[in-house]
Structures are given as structure tokens and as C-alpha cells.
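The values are calculated or read from the model by the stated rules, or taken from the named source; none is laboratory data. Being a predicted model, the structure only gives us computed values, none of them experimental. Counting neighbours? That spans all protein chains shown, and the Cβs are built from the backbone with ideal geometry, glycine included.
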Amino acid sequence: MASPPLVELSDVRKSFATHEVLRGVSLALAKGTTLAVMGGSGAGKTVLLRIVDGLVQPDSGRVSLFGTRIERLREEQILPLRRRAGFVFQGAALFDSLSVFENIAFPLREHSAMSLGEITDRVHRFLSLVGLPGTDDLLPAELSGGMRKRVGIARALVTEPEVVFFDEPTAGLDPTNARLVAELIAELRKGVCDTAIVVTHDIEFAELVADQMAILHQGRFADIGTPAEMHRSENPDVRKFLAGELRAS
Amino acid sequence: MTALAYIRTQSRETALWYGGLGLLTMSVVRNLALPPAYLWLVAREIDNIGVRSLVVAVTAALFTGMVLALQSAVNMARFGAENYVGPVVALSILRELGPVLTAILVGGKVASGITAELGSMKVTEQIDAMRAIGVNYVKRLIVPRLLAALIVFPVVTVLADGVGLVGGMLISVFDRNVDGYLYWNTISYWVVMRDFLTGVIKSVVFGALVTLIGCYNGLATEGGTEGLGRSTTATVVQVAMGVIISDFFLTKLLLFLFW
């Protein structure tokens, strides 16, 4: 029997003031799948990702994380579910008063009974994984944009979560750093975490890391499928998006 | 904008602010008993708030006591009651000026600092990052500050009370030639424990109020660094107004309960 989806959304709607961002979004993310949610700026991709992790409440619809309905749970009730997931923010959202080491160690110190030695070993393993060994004592202000992103990824992965949510992991990076981050995420799929939702507007990056793609347009998914299926799609919005001609509503 | 539209907007924003503050208070109360205790954070905040506030509170109290003694002595001399400066200074400081001035000065300083810190975390998504990691941000960021304020405010107020009384004595003895023994003797005769405790109870309530205002304004910050500036300014004004207004109702309540 197929395992139940780790993330499931059904007819989710969300408005801010009079602007309806999501107009009935549904999706199911099975274990072992990386889904790239794509769309233009302002299409609602980040809002969707935040709803999936319970950081934003939808106006209506159902949201399940690890099989538990979360859309009306209180903050304290969602916390145990969030500990099983990782979230990489677009701007990395590192704690600016903590060093790189302390940022990555933060989830371990909060949620595990590991000794200092075990925490140190784990942090160093993930710093090496993201290609930043020896940066323990640096503060976030001393890092470049690409380094901050990679520290953010290490922090999200250090607890070895069951699913990771990436919000625009390559946005604002130069091509070299964007490529490094893309290769890192592709590499992670083989080891640390095989299930993820990646929000991006970068088609090349999505094709590199995802085995499912979904295009968000006018508050709904225009289409969902494998990269190959999307390229064959007859949907006019999909074709326009892939051709770089789709305008946000 | 017409006057009516302005009133409508302001009323809505005020209702939202009070509602938000009430919800945060409920959330804090709900989280008080939840693990983990974060006692090391409470200790750190006691150190932060106490160190930040001590010099301001004590200096203000010293000069307030001196001014009170000066004004009272000059005016009471007209009725031949200069010897009663001590109780007048003591009652004013212990019941009102000690807790209120401390709350306004220390509260404004501490609460604006809290707003700036939490607001900065909010606009840079650090609070969302904490939530995404599965950390209870109310428990980690707000409860320790509140518990620290509940301890620090009464302690600082008691210190300010003492310094204020000493300030009053300095003026009475060295400027108005009132006998020092008489100053303390009339205080101990006329001032009762209830007067002292009234002020301490007020300081506990003010500590909670200013901390919650500081935390709420920080968490409600929107609009980047400009919004952060607005929130911090609003905190200073709201703390002063909140202390003054709540002081009236607290005084009424305490007089009703203990008089």
C-alpha cells in the first residue's frame, strides 16, 4: 500500500486585505518526491510554502502535515510537527547575534539531548556538507549572500528532517553560487533528505532538483507534472511560463 | 481625510491594538507553565533589565525626593508644619512617585529596547525562523522578559523609594534645618506597611504592562526599518500613557481593597 502523503493541501484559499493570493490550491507530496512550485513574482509561492509549514493560516481549505490537519491548530500544537520539517528562508533568516556554529547548533540545543561534543560533530558535518568548513565563528553579517543561504540550508537540515521546504534558494545569487546551491540540493536528495518542496522561478534550477513541477498562476496551479510532462503540456499558461511570457495577475 | 474618517481609522487601529495586546497576554499566560522553563534566559534578562535601569531609576528618585522635600518644606512652613516634611515625602514616594516614575523611566527604556530587538527579529524573519525550527517563540522570547520584569521592577522600585527618602532627608536636614532624627521618626510614625506594599504591588503590575507593550509592539512591527522606528517611538508613548492611566485605576482598586 502506498504511504500517505507527507504534505497535503485541499482547496486552500488565502487573501490579504482585498487581494486574493491563493484561490483553491490542492496538492499532495509523497515521500521521496521533490516538488518545484514555480510562478512569477507575487504569484503566491511563498505564501503557499508558509501555509504548508503552518506559519500562515489559510482562510479556508484543508492543510495536512505528516497526516495531521494543521490549519486550525494553535501555534504550540503545530511545533512538534514543524520539528520534523526543515524550512530554508529566501533571505536565510539567520539569527544575527549568533555565530555560524550557534545558528546551526540552535535546533539541536533546543530539541535534542545531545552532548556538546555530539553537537559540535554534527554541526561540522553539515558545515562541510554545504561547503563551509572553518566558518564556525563568523557572524551572519560577515558572510556573503551565497554563504548565508548555505548556512540557512545547513540549519534546516541539521536535525535530519523528513521534509524540507526551500523558499527561493537561488534568488539573488550570482550564477556560480546559484549553481552551487542547486547542486547541493540535488545532492541532498540522495542522502540527508529525499522529500522537499522548492519554491522558485528559475526553470533551469527546478529541472535540476525536482521530479515534479507545479506552476502557480492566478492563485491556482495551472498544471502539475514531471519536467518532461510540463514541457509537453498544452496548457497555454504553462507554455507561456516556460517561454518567459507569463505575466502575474 | 475627513475628521470622521480619521476617527474611524484611529478607533479601528486602537481596537486592533488592544485586541492584539489582550491575545498576546492570553498566549503568555497559557505558555507560562509549558516546558522548557528557560531559567537561564530569565536570569540573563534580569541582568539586562536591572543593569539597564538602575542608574536612571536611582538618579530620578534622588532628585524627586529632593524636589518634594524642598517644595513641601517651603510651603508647609507657612502653616508651621515643616517638621512633617518626612511623612509627606515618604507617602508621595512610596505610594505614587516611586512606582510611577520608575515604571515610566525604566519602562520606557526597557520596553523600547525590547520593541527594537523583537521588531528587528520580526522584519528580518528571525522570529519566523524560530517558529519554523519548532521553537515556541512566546515561551522563549516573551515569557523570560516578563518574568524578569516581574522581579526587577519591584526591586528597582524599592531601591528608588529608599534613595528618594534619603534625597528628601538631605534637603530637610541640610537645606531646611529639620532634625534628621525627627525626619525618620515622623516617617516611621505616620507611614505604615500598607503604604509601602501599595507601591510594590503597583510596580509589579507596571512591570508586566510595560513589558507586554514592548513585546507586542515588537512582534507587530511591519514595514522594515521605517516601521521599526515607528514601533519604538509608539512604545515610549504608550508605556507612559499606559502607566499613568492604569495608575489611576490601580489606586482606586487598592484603596478599595486595602483602605
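Quick notes
- Selected residue (only one of A:LEU157, A:LEU180 is more than 14 Å from chain B (Cβ to nearest Cβ) and either crowded, with 18+ Cβ neighbours inside 10 Å or more than 15 Å from the chain's Cα centre (by Cα) (or both)): A:LEU180
- When segment B:148-159 is limited to residues that are of a type outside the set (Val, Ile, Thr) and crowded, with 23+ Cβ neighbours inside 10 Å, the one that is farthest from the other protein chains (Cβ to nearest Cβ) turns out to be B:PHE153.
- Check on B:GLY80, away from chain A (no Cβ under 14 Å), free of Cβ contacts under 8 Å to residues at least 12 places away in the same chain and over 26 Å from the mean Cα position of the chain (by Cα): yes
- Applying the criterion of being among the hydrophobic types (A, V, I, L, M, F, W, C) and away from chain A (no Cβ under 14 Å) to the residues of segment B:24-50, the residue that is nearest to the chain's Cα centre (by Cα) is B:ILE49.
- Test: residue in segment A:22-29 that is under 22 Å from B:ASP128 (Cα atoms) and either at pLDDT below 95 or over 15 Å from the mean Cα position of the chain (by Cα) (or both): yes
- Of the residues making up segment B:119-158, those that are closer than 19 Å to B:VAL29 by Cα, more than 19 Å from the chain's Cα centre (by Cα) and of a type outside the set (D, E, K, R) are B:VAL135, B:ASN136, B:TYR137, B:VAL138, B:LEU141.
- Filtered residues of segment B:27-77 (kept if at pLDDT 90 or above, closer than 20 Å to B:CYS215 by Cβ and of a type in the set (Val, Ile, Thr)): B:VAL28, B:VAL29, B:VAL42, B:ILE46
- In segment A:87-106, the residue that is farthest from the chain's Cα centre (by Cα) out of those that are crowded, with 24+ Cβ neighbours inside 10 Å and at the interface with chain B (Cβ under 8 Å from one of its Cβ atoms) is A:LEU94.
- Within segment B:1-23, the set of residues being more than 12 Å from chain A (Cβ to nearest Cβ) and either of a type in the set (A, V, I, L, M, F, W, C) or within 18 Å of B:ILE114 (Cβ to Cβ) (or both) comprises B:MET1, B:ALA3, B:LEU4, B:ALA5, B:ILE7, B:ALA15, B:LEU16, B:TRP17, B:GLY20, B:LEU21.
- Per the listing B:SER120, B:SER72, B:SER92, B:SER53, the residue uniquely part of a helix (DSSP H, G or I), within 14 Å of another protein chain (Cβ to nearest Cβ) and among the hydroxyl-bearing types (Ser, Thr, Tyr) is B:SER120.
- Among the candidates A:LEU55, A:LEU49, A:LEU79, residue that is aliphatic (A, V, I, L, M) and farther than 28 Å from A:LEU208 by Cβ: A:LEU79
- One residue stands out among those in segment B:123-136 that are within 16 Å of B:GLY223 (Cα to Cα) and of a type in the set (A, V, I, L, M): the one that is farthest from the other protein chains (Cβ to nearest Cβ), which is B:VAL123.
- Hits in segment A:87-117 - residues which are in a helix (DSSP H, G or I) and touching a strand residue (DSSP E or B) at 6+ places or on another chain (Cβ under 9 Å): A:PRO107
- Within segment A:44-86, the set of residues being away from chain B (no Cβ under 12 Å), farther than 21 Å from A:CYS193 by Cα and in a helix (DSSP H, G or I) comprises A:LYS45, A:VAL47.
- Selection of segment A:72-86 for residues being in contact (Cβ under 8 Å) with a residue 24 or more places away in the chain and buried (at least 16 other Cβ atoms within 10 Å of the Cβ) yields A:ILE78, A:LEU81, A:ARG82, A:ARG83, A:ALA85, A:GLY86.
Conditions (1) in contact with a Phe, Trp or Tyr (Cβ under 8 Å, 6 or more places away or on another chain); (2) away from chain B (no Cβ under 14 Å); (3) more than 24 Å from B:ASP128 (Cα to Cα); (4) aromatic (Phe, Trp, Tyr), marked per residue:
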| site | (1), (2), (3), (4) |
| --- | --- |
| A:ARG122 | no, yes, no, no |
| A:LEU129 | no, yes, yes, no |
| A:PRO133 | no, yes, yes, no |
| A:ASP136 | yes, yes, no, no |
| A:PRO140 | yes, no, no, no |
| A:SER144 | no, yes, no, no |
| A:GLU162 | yes, no, no, no |
| A:LEU173 | no, yes, no, no |
| A:THR176 | no, yes, yes, no |
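- Considering A:GLY134, A:GLY172, the condition of being under 29 Å from A:MET114 (Cβ atoms) and at pLDDT below 90 is satisfied by A:GLY134 alone.
- Entirely in segment A:190-249, the helices (runs of 4 or more DSSP H) that have 1 or more residues that are among the β-branched types (Val, Ile, Thr), surrounded by 17 or more Cβ atoms within 10 Å (Cβ to Cβ) and free of Cβ contacts under 8 Å to residues at least 60 places away in the same chain: A:236-242
- Single match in B:ASN177, B:ASN185 (criterion: surrounded by fewer than 16 Cβ atoms within 10 Å (Cβ to Cβ), outside any helix (DSSP H, G or I) and not β-branched (Val, Ile, Thr)): B:ASN177
- Filter result for the condition that a residue is touching a Pro at 6+ places or on another chain (Cβ under 8 Å), part of a helix (DSSP H, G or I), surrounded by 17 or more Cβ atoms within 10 Å (Cβ to Cβ) and hydroxyl-bearing (Ser, Thr, Tyr), over B:SER203, B:SER231: B:SER203
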